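Let me begin by handing over the structure; questions about it come next.
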Amino acid sequence: MVPVPGDGPLRRQHPDQHPLRLRHEQVRRRGGRQVAVPHSRRPADDRPDELVVRPGKLRRGAHQDHHPGGTRRAGPRPPGLGDGRLPDPRGRHGRAPGTILRGCRGWRHGHQLGRRRRDLGRTVRPVGGRTTRHLLLVHRDDRRHRLPPQPRPRQTDIPDRPVHGQVAGRLPPDHRRALPRPAGDLVTTVTLNTEQLLYQASERVGLTDYGDLPFREGIDVLLWSLQHESGNPPERVAQIAASLVLPALVKRLRLVDDRKRYPEIAAQAVRAPIVITGLPRTGSTHLQALLATRPGARSPAEWEMRLPSPPPEAATAATDPRIAEVQRSIDERPGAARLQSIHPYGARRPEQCLGLIDWSFANQTYLAYQRIPSYYEWYLDADQRVVYEHHKRFLQHLQFRNPGEWVLKWPKHLFGLDALLEAYPDARIVWTHRDPARVVPSAVSFVGTLRSMNSPVFDPRRFGAEWSALEEMGLHRGLEVRDRVGDDRFLDVQYNDLITDPVAAVSRIYEHFGLPVDDETIRRVGDFQEENPQGKHGAHDYTPEQFGFEPERVRRRFAAYTQRFGIERDRLR
């Protein structure tokens, strides 16, 4: 910390209080601006780079090759998103640090910030954003300049809160300070760390080899965030962590063991998968199920992603005893009927790719269940190439004894679309579109249902701002990759066309990719449509206003996107 004239000794009000937060409070008590500057004790004018936190403002380092993850990247960067779009927190798809800012203002805070900085200014506001300010964290490109450690009564191998990049999202201004802190000491009778979870998983299945792909960092950050930021009672943190992490660790052990036991799995070639992506709630779940009805098509089912070992076989794809086990767990989960009306689940239904990558522990579902800001930052900065290597190995595992032409789906592919195309160079991408004024509130309502059922800290309007920013960020990342690789790699499907005439929509997709469409395919599509009409399990009951959305404002926020793809409002049926 930099000593400020007139300041008293730095004393924390709570043993777990973060030094960064203490500096905020000290400056505020002095009547100055809300500024925190942790760095080495060198003169201000001698510092090329420091961390500055302001509501709605960003201080970037002077180095042109600066990267939030602590490594420098040589060579030119890809073109950015352009004005009016979200800055890329990973720093690998956006503009150079000096070009992300505009409206530069040359004021300074005297002794704290030192000399005037050229690149100090306001951040680029997201498309149509108006009410919520950014909270952006930028840290020095130096291991010695991480946030200072803080004393915590916890296991020593859980690292200090990692800051791997900046949170680029339209988050509430009090995003960091909203969680109630328990009174007294944080020491609990039940503690859990990564080593304990690894040991428990190994004891459960009698295996110890977790494979060669990296995965532990995600667990470390998740555990820290659950313990210090989730707002859960200390006695519940270990239970929640075990329920989130242990099943994926067990899956990982078994997948690695099967890959060693059956070397043929690694030789499997995953060719030209059809990958459905786009914003959520655009009909992608229904479209995947329709495309999977074609003879020879193959989509990962829920049961085989949950219990993949031993490798599923084609002969028992409909009778495997694991199907009943998974279906029983689906039916017995809390809120099963309510969730079924929002998103249909079933052990034998085609399911999205989340179950193919959860054993990498870069898992968006954790963000849906709990309020974990540090994991949120880490997830945005995670190396998607590692994630899609996990994805590909799982597909090799599933097609070893039950091959087929893959039909995959996941809206969050937008976050790693470049890594997906690197893993599957011949992938055929289907991008679904729907009116954002219907998409955003529906997605927030769905994920908000999960959050409210699992987290003690839930405010609908705050959550609406948080999750809509995440979805918008994914959209812009996907559009940036699409602009770079070209529109010819993608086929756009409008929600209105899919719902109005599903047979025609499916036929158009298969014909576009040069796949045959025969009478049997048309019959199967029609049969599935009749057996699974919209609203089969009940209506999704919500209002945009309960999450702080006004439909017309949402449309203005996404106006550039809707105009580019000619997206119309939902038609009456």
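Under a 1.4 Å probe, what is the accessible area of the stretch 493-535 per residue, stated in Å²? Walk me through the intermediate numbers first.
Working: 2340 Å² over 43 residues.
Value for the stretch 493-535: 54 Å² per residue.
Additional query: Which chymotrypsin sites (Phe, Trp or Tyr not before Pro) in the stretch 490-573 sit in a loop by DSSP (not H, G, I, E or B) and have at most 14 other Cβ atoms within 10 Å of their own Cβ? Write down the numbers at each step before the final one.
Values: sites: F490, Y495, Y510, F513, F528, Y542, F547, F549, F558, Y561, F565; in loops: F513, Y542, F549, F558.
Qualifying residues, ordered by number: F513.
Now a separate question. How would you order 324-332, 388-396 from highest to lowest mean count of nearby Cβ atoms within 10 Å?
The densest-packed peptide leads the list: 388-396, 324-332.
Still on this structure, I have one more. Under 18 Å from a label point 7 Å along Cα→Cβ of A318: give me every residue in the stretch 493-509 with its amide N that close.
Those under the cut-off are none; the list is empty.
Tell me, what is the FRET efficiency for A560 and R489 to the nearest 0.05, using R0 = 30 angstrom and their Cβ-Cβ distance as r? The partial results should precede the final answer.
On the way: r = 21 Å, r/R0 = 0.69.
Once rounded, the FRET efficiency stands at 0.90.
In addition: Along each of its three principal axes, how wide is the spread of alpha-carbon positions in the stretch 222-263, in whole angstrom units, largest first?
45, 14, 7
Work out the charge dipole of the stretch 469-546 with +1 on the Cβ of Lys and Arg and -1 on the Cβ of Asp and Glu about the Cα centre, then indicate which of G486, V503, I522 is farthest towards its positive end.
G486
I want to make sure I understand the PRE zone here: with the label point 7 angstrom from the Cα of D570 toward its beta carbon, which residues in the stretch 277-294 have backbone N atoms less than 12 Å away?
281-283
I've got another one for you. Using a 1.4 Å probe on the protein chains only, how many percent of the accessible area of the stretch 272-352 belongs to carbon and sulfur?
Details: 1570 of 2900 Å².
Roughly 54 percent, rounded to a whole number.
Enumerate the amide H contacts of L491 below 5 Å, restricted to partners 5 or more residues apart or on another chain; note that Pro and chain-start residues carry no placed amide H.
I429, V430, W431
Treat each spin label as a single point 7 Å out from the Cα along the C-beta direction, and report the N402 to K536 distance in nm.
Result for the modelled spin labels: 1.9 nm.
For the stretch 484-531, give the percent of accessible area contributed by carbon and sulfur heavy atoms, probe 1.4 Å, rounded to a whole number.
Details: 1220 of 2600 Å².
Carbon and sulfur together cover 47 percent of it.
Please report the carbon-and-sulfur percent of the accessible area for the stretch 387-475; probe 1.4 Å, protein heavy atoms only, DNA, RNA and ligands left out. Don't skip to the answer; put the middle values down first.
Values: 960 of 2100 Å².
So the carbon and sulfur contribution to the accessible surface is 46 percent.
Starting from the Cα of R328, step 7 Å toward the Cβ, then list every residue of the stretch 220-263 with an amide N under 19 Å from that point.
Answer for the stretch 220-263: 247.
Counting Lys and Arg as +1 and Asp and Glu as -1, what is the net charge of the other residues whose Cβ lies under 9 Å from the Cβ of S299?
Working: positive: R298, R349, K409; negative: E351.
It works out to a net charge of +2.
Can you put H540, H343 in order of accessible area, largest first, using a 1.4 Å probe?
Values: H540 45, H343 10 Å².
Putting H540, H343 in descending order of accessible area: H540, H343.
Moving to a separate point now. I need the calculated FRET efficiency for the pair R508 and R461, taking r as the beta carbon distance and R₀ as 35 Å, to the nearest 0.05.
Values: r = 40 Å, r/R0 = 1.14.
For R0 = 35 Å, the calculated efficiency reads 0.30.
So what's the stretch 418-573 giving for Cα Rg divided by 2.2 N^0.38 Å, two decimals? Mind showing how you got there, number by number?
Numbers: Rg = 17.9 Å, N = 156, 2.2 N^0.38 = 15.0 Å.
The stretch 418-573 yields a ratio of 1.20.
Apply 1/(1 + (r/R0)^6) to the Cβ-Cβ distance of Q546 and R204, taking R0 = 56 Å, and write down the FRET efficiency to the nearest 0.05.
It comes to 0.85.
The values are calculated or read from the model by the stated rules, or taken from the named source; none is laboratory data. Worth saying up front: this structure is predicted, and the values here are computed from it rather than measured. Positions of Cβ are generated from backbone atoms using ideal geometry, with glycine treated the same way; all protein chains shown enter the neighbour counts. Heavy atoms of the whole protein, side chains included, go into the accessibility calculation; ligands, DNA and RNA do not. Shrake-Rupley method; radii C 1.70, N 1.55, O 1.52, S 1.80 Å.
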